[in-house]
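Have a look at the structure below, then the notes.
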Amino acid sequence: QVQLVESGGGLVQAGGSLRLSCAASGSISNYAMSWFRQAPGKEREFVAAIRWSGGITYLADSVKGRFTMSRENANNTVYLQMNSLKPEDTGVYYCAARRASITIPRAAREYDYWGQGTQVTVSS
């Protein structure tokens with residue numbers, strides 16, 4: 001059983017930065033970790049992913065050049081550094097995990113474990 005807890009959300013002005021954290025309990029060796037976000041009335045969308053062992057990151061086109069994802073395996077924690085935030089980045093950000101596969105899926109339904117979410121609001 002895996003449990004995920006996100007933190008670090010908040011209210012920032014456009015152009016500002018936030019760093020989100022996702023702390024995992026239980027064994028997530030060989031698990032891929034991802035961030036998703038969901039705005040009210042919209043579908044949950046993929047933001048970023050990282051392989052636990054390989055450290056390779058994948059970013060949605062909408063956040064490339066602004067967001068970075070990293071890991072700290074010793075502490076079972078992954079991070080999402082968000083810079084140059086835009087109002088359209090507003091939403092609830094969720095940490096998700098799934099067993100490793102050759103390709104990392106970008107569909108929310110493919111993930112096994114989810115955190116409770118942390119709110120990110122970017123004002124204009």
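Any idea which of (1) over 17 Å from residue 36 (Cβ atoms); (2) crowded, with 19+ Cβ neighbours inside 10 Å is the one residue 69 doesn't satisfy?
In the conditions (1) over 17 Å from residue 36 (Cβ atoms); (2) crowded, with 19+ Cβ neighbours inside 10 Å, residue 69 misses (1) alone.
Would you please name the residue that is surrounded by the most Cβ atoms within 10 Å (Cβ to Cβ), looking only at residues in segment 102-124 that are among the β-branched types (Val, Ile, Thr) and assigned to a loop (DSSP other than H, G, I, E, B)?
Only one residue fits best here, namely 104.
Consider only pairs whose beta carbons are under 8 Å apart and that are at least six residues apart or on different chains; among these, list those whose first residue lies in segment 1-21 and is more than 18 Å from residue 122 (Cα to Cα) and open to solvent by less than 60 Å² (accessible area, probe 1.4 Å) and whose second residue is assigned to a loop (DSSP other than H, G, I, E, B) and among the aliphatic types (A, V, I, L, M).
Pairs that qualify, where the first residue is more than 18 Å from residue 122 (Cα to Cα) and open to solvent by less than 60 Å² (accessible area, probe 1.4 Å) and the partner is assigned to a loop (DSSP other than H, G, I, E, B) and among the aliphatic types (A, V, I, L, M), are 2/28.
Can you pull out every residue in segment 46-101 that is β-branched (Val, Ile, Thr), in contact (Cβ under 8 Å) with a residue 40 or more places away in the chain and in a strand (DSSP E or B)?
Passing the criteria: 47, 77, 78, 92.
Restricting to segment 5-45, name every residue that is on the phi < 0 side of the Ramachandran plot and part of a loop (DSSP other than H, G, I, E, B).
Listed by number, the residues that qualify are 9, 14, 16, 17, 27, 28, 29, 39, 40, 42, 43, 44.
The values are calculated or read from the model by the stated rules, or taken from the named source; none is laboratory data. Just so it is clear, the structure is predicted and the values come from calculations on it, not from any experiment. Positions of Cβ are backbone-derived with ideal geometry, glycine not excepted, and every protein chain shown enters the neighbour counts. Accessible surface areas use protein heavy atoms only, side chains included; no ligands, DNA or RNA. Shrake-Rupley method; radii C 1.70, N 1.55, O 1.52, S 1.80 Å.
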